[in-house]
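A.B. asks: Submitted below is the structure of interest, expressed as structure tokens.
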Amino acid sequence: MAAETCAPRPLFGGAISTTFPVRFQDVSNIREVPDHQEVFVDPARDESIIVELLDLKGEVDDAGSALWFLRDIANEQDAGDNMVVEHSGTLELARLNVDGAPVVAGTAVGQLAVSKGRQDREAQNIVRLYLANIRLKNAATDVVITAYEPLLINPLSESARAVASGPAIPAEQAGCMPMSEIFKLAVMNFNVHDWNLFNGGP
């Protein structure tokens, strides 16, 4: 694994924190981000990490919740018909306990074709999407952590202005931590410091 500087990152005014490389910049410094999201990007690699707080989807089964959210995002991005699920599993959170037991996140990884912003289908990039769902039932909240790793940049995509079109340069070759490791780091270090963020908490 490449040596890369990682640091704890406060989220939602410090009520939550996690850890990932310092090369990811807070998008809210550049443009408005919805209140229920925190978005970080590395424009040099067109990689991003998003943390979302959503109302708990009580009708979704715990065992399949990460896959459900993965498919939901793919459908939102008009990519439901081309997504290939590569993996699903679980990760135990190192720092977060609820009722004395460690919290376990469901995870899913898929490959899909997506367009940037308002671009059309002919400008689609191939990306690998890592997703974790942390179900905080005590706070009636589904936390969804997503990490986007470009695999193939379309020459028509806006992304091609910042990074070269064609196959993405592997992280190790660029001296960066692979997105699979960044994703694990961000999920396993997720922690809640102020449960009042969820309207009263546990």
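The values are calculated or read from the model by the stated rules, or taken from the named source; none is laboratory data. Only a predicted model underlies this, so the values are computations on that prediction, with no experimental measurement involved. All Cβ positions, glycine included, derive from the backbone under ideal geometry; neighbour counts span all protein chains shown. Heads up: the accessible areas ignore ligands, DNA and RNA and are worked out on the full protein's heavy atoms, side chains in. Shrake-Rupley method; radii C 1.70, N 1.55, O 1.52, S 1.80 Å.
A.B. asks: Of all the residues that make up segment 32-65, how many are open to solvent by less than 70 Å² (accessible area, probe 1.4 Å) and either touching a Cys at 6+ places or on another chain (Cβ under 6 Å) or part of a strand (DSSP E or B) (or both)?
C.D. replies: Residues that pass the stated criteria total 14.
Per-residue answers, yes or no, for (1) modelled with pLDDT of 95 or more; (2) within 24 Å of Asn97 (Cα to Cα):
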| position | (1), (2) |
| --- | --- |
| Glu4 | no, no |
| Gly14 | yes, yes |
| Thr18 | yes, yes |
| Phe24 | yes, no |
| Ser28 | no, no |
| Arg31 | no, no |
| Glu38 | yes, yes |
| Glu47 | no, no |
| Val51 | yes, yes |
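A.B. asks: Let me ask something else about it. Say whether the condition of being free of Cβ contacts under 8 Å to residues at least 60 places away in the same chain and within 11 Å of Val144 (Cα to Cα) is met by at least one residue in segment 46-62.
C.D. replies: No, every residue in segment 46-62 fails to be free of Cβ contacts under 8 Å to residues at least 60 places away in the same chain and within 11 Å of Val144 (Cα to Cα).
A.B. asks: Now, a different point. Scan segment 86-103 for residues that are open to solvent by less than 60 Å² (accessible area, probe 1.4 Å) and under 19 Å from Arg128 (Cβ atoms) and jot them down.
C.D. replies: The answer is Gly89, Leu91.
A.B. asks: Within segment 63-98, restricting attention to residues that are acidic (Asp, Glu) and farther than 22 Å from Asn189 by Cβ, which residue is modelled with the highest pLDDT?
C.D. replies: Let us first name the residues in segment 63-98 that are acidic (Asp, Glu), namely 72, 76, 78, 81, 86, 92.
If we keep only those that are farther than 22 Å from Asn189 by Cβ too, we end up with 72, 76, 78, 81, 86.
Values: Asp72: 94, Glu76: 86, Asp78: 78, Asp81: 78, Glu86: 91.
Residue satisfying both the conditions and the ranking: Asp72.
A.B. asks: How many of the residues in segment 70-85 are open to solvent by 10 Å² or more (accessible area, probe 1.4 Å) and assigned to a helix (DSSP H, G or I)? Working first, answer last.
C.D. replies: Just the residues of segment 70-85 that are open to solvent by 10 Å² or more (accessible area, probe 1.4 Å), to begin with: 71-73, 75-78, 80-85.
Of the ones still in play, those that are also assigned to a helix (DSSP H, G or I) are 71-73, 75-76.
Here the count works out to 5.
A.B. asks: A further question on this structure: Would you mind stating whether Pro10 is open to solvent by 30 Å² or more (accessible area, probe 1.4 Å), free of Cβ contacts under 8 Å to residues at least 12 places away in the same chain, assigned to a strand (DSSP E or B) and over 18 Å from Arg135 (Cβ atoms)? Spell out the reasoning first.
C.D. replies: Details: open to solvent by 30 Å² or more (accessible area, probe 1.4 Å): yes; free of Cβ contacts under 8 Å to residues at least 12 places away in the same chain: yes; assigned to a strand (DSSP E or B): yes; over 18 Å from Arg135 (Cβ atoms): yes.
Yes: the conditions hold for Pro10.
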